[in-house]
1. So residue B:54 clears everything in (1) more than 7 Å from chain A (Cβ to nearest Cβ); (2) buried (at least 16 other Cβ atoms within 10 Å of the Cβ); (3) at pLDDT 75 or above except one condition, right? Which one?
2. Pick out the one residue from B:74, B:90, B:70, B:41 that is surrounded by fewer than 20 Cβ atoms within 10 Å (Cβ to Cβ) and among the β-branched types (Val, Ile, Thr).
3. Only one residue in B:120, B:128, B:163 is under 30 Å from residue B:47 (Cβ atoms) and either within 14 Å of chain A (Cβ to nearest Cβ) or not polar (S, T, N, Q) (or both), so which one is that?
4. Of all residues in region B:198-218, count the ones that are within 7 Å of another protein chain (Cβ to nearest Cβ), in a helix (DSSP H, G or I) and loosely packed, with under 15 Cβ neighbours inside 10 Å.
5. Which residue out of A:124, A:174 is within 23 Å of the chain's Cα centre (by Cα), aliphatic (A, V, I, L, M) and part of a helix (DSSP H, G or I)?
6. Of the residues that make up region B:177-197, is at least one in a loop (DSSP other than H, G, I, E, B), under 20 Å from the mean Cα position of the chain (by Cα) and not acidic (Asp, Glu)?
7. From the list A:133, A:101, pick out the single residue that is closer than 30 Å to residue A:209 by Cα and modelled with pLDDT under 85.
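The values are calculated or read from the model by the stated rules, or taken from the named source; none is laboratory data. Since we're looking at a predicted model, the values are computed, not measured. Here the Cβ positions follow ideal geometry from the backbone for every residue, glycine too, while neighbour counts run over all protein chains shown.
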Amino acid sequence: MSSIDTSSGDSHKKGPGVKKAKKLSTRVDMTPMVDLGFLLITFFIFTTTMTTPTTLDLNMPKDIKDPKDQTEAKESGVLSIMLGKGDQVYYYEGKLVVDATGNNFKSTTFKGIRDIIIKKKAEVIGRHEHDPTCAKTQENAKAKKDPDWANACKDRDFIIIIKPDNDATYKNTVDILDEMTINQVRTYAMVKILDQEYELIKKTEETSGIK
Amino acid sequence: MPSVKMPRKSTDTDMTPFVDVAFLILSFFMLATKFKPPEPVEITTPGSVNSQKLPENNAVMIIVDSSNRVFFSVLSDKDPGKKDAIIQDVNSSQSLSLSNAEMANFRQTFAVAVPFGNLKQLLALDPKEQANLKQPGIPVLDSANNQLYWWIAASKKAFAGEKLNYLIKGDAKSTYPAFEAVINALKRNDEFKYNLVTSLDDIPSNSELDKFNQRVKN
């Protein structure tokens, strides 16, 4: 036992001259990859358009010069809505009456107009009388697979006339058209405002100080 | 007295889950993204409850910006020949004497917002430089000189026999007279159906429309 095997404890040690292979770490530095990843994320977040534009259909009537061809409406079922400056809404039911005692011209806002439309609609439907033409309208609606055919003719006398004035914004116009969809108003028309109505709006704006 | 030895913790963290999440988000955005088409003006559209999708081809888009300038643009990526037909028609109906190169330039022009008198000047520019030119808008408010009428008449001819959609994209702040003038130009061309471009709003709960949708669902 002249020599002591010193290597017995470290069995992996090869003899002298055998080079030990350097153990490489399997871990990769991920930091640059993460940097790049987040850079791309920010780029896509900024360029992406999340709000998909939608469309609102608008059908306008043809201008009819001949009064004979014009559609007549029952006065009791008409609600005229006018749009003015500063998101104000003006309305009257039936015909505009201006006399010494005052007028039926009222003002409200976009928040209030929905209730007025709902009230007027309920009132017109409540006055509805069933007749043969009505039954026919219902049948037609049923044939067209309208899921709401039973209500197809109850509101036939309910008409809304929209008159934006020169100070109304496009947003107001779209909002009121949207209100027609929200309240399921079947018949509505957008027409030019009358001078008399425009003057009344101007007067109301002056007294209430809307700029 | 032996001091309490704090175990020495490594400062590197395992980044793998972090990378996983980052790339998940990245792939979501890459797939969900749809690049905005170049637009000459920034338009904030008003909201509406309608959820119909916008037609992207065979459409004429009329843009009204916040200062009531009217822009006219043709969306026909599938058939750029339509744009050529439109500019040729406008050229001859208004006798603008545009050169062939200028008319060819119209293909790359996204939107026109100049009176006919300045059209030559606009089309002479490179499409990239057109964005820098301050365009005054197509004159529409004077009903005797509603130039949008001619643009629509030309597009109607170019798209004859095909369905053409009229998109009106107005800024929420634009006022009604400009919108009315646009509609009048369309009406004079016997076109009565339009699509107003809006962004989606929620349907107010308990409204008639909401109740109707519930009924249809059940």
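1. Among (1) more than 7 Å from chain A (Cβ to nearest Cβ); (2) buried (at least 16 other Cβ atoms within 10 Å of the Cβ); (3) at pLDDT 75 or above, residue B:54 violates only (1).
2. Values: B:74 fails: surrounded by fewer than 20 Cβ atoms within 10 Å (Cβ to Cβ); B:90 fails: surrounded by fewer than 20 Cβ atoms within 10 Å (Cβ to Cβ); B:70 fails: surrounded by fewer than 20 Cβ atoms within 10 Å (Cβ to Cβ).
Every option except B:41 fails the conditions.
3. Values: B:120 fails: under 30 Å from residue B:47 (Cβ atoms); B:128 fails: under 30 Å from residue B:47 (Cβ atoms).
On inspection, the qualifying residue turns out to be B:163.
4. Count: 2.
5. On the way: A:124 fails: within 23 Å of the chain's Cα centre (by Cα).
The match here is A:174.
6. no
7. Values: A:133 fails: closer than 30 Å to residue A:209 by Cα.
The match here is A:101.
Let's see how each residue does on (1) surrounded by 14 or more Cβ atoms within 10 Å (Cβ to Cβ); (2) closer than 17 Å to residue B:156 by Cα; (3) of a type in the set (Lys, Arg); (4) in contact with a strand residue (DSSP E or B) (Cβ under 6 Å, 6 or more places away or on another chain):
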| position | (1), (2), (3), (4) |
| --- | --- |
| B:82 | yes, yes, yes, no |
| B:104 | yes, no, no, no |
| B:117 | no, no, no, no |
| B:122 | yes, no, no, no |
| B:125 | yes, no, no, no |
| B:129 | no, no, no, no |
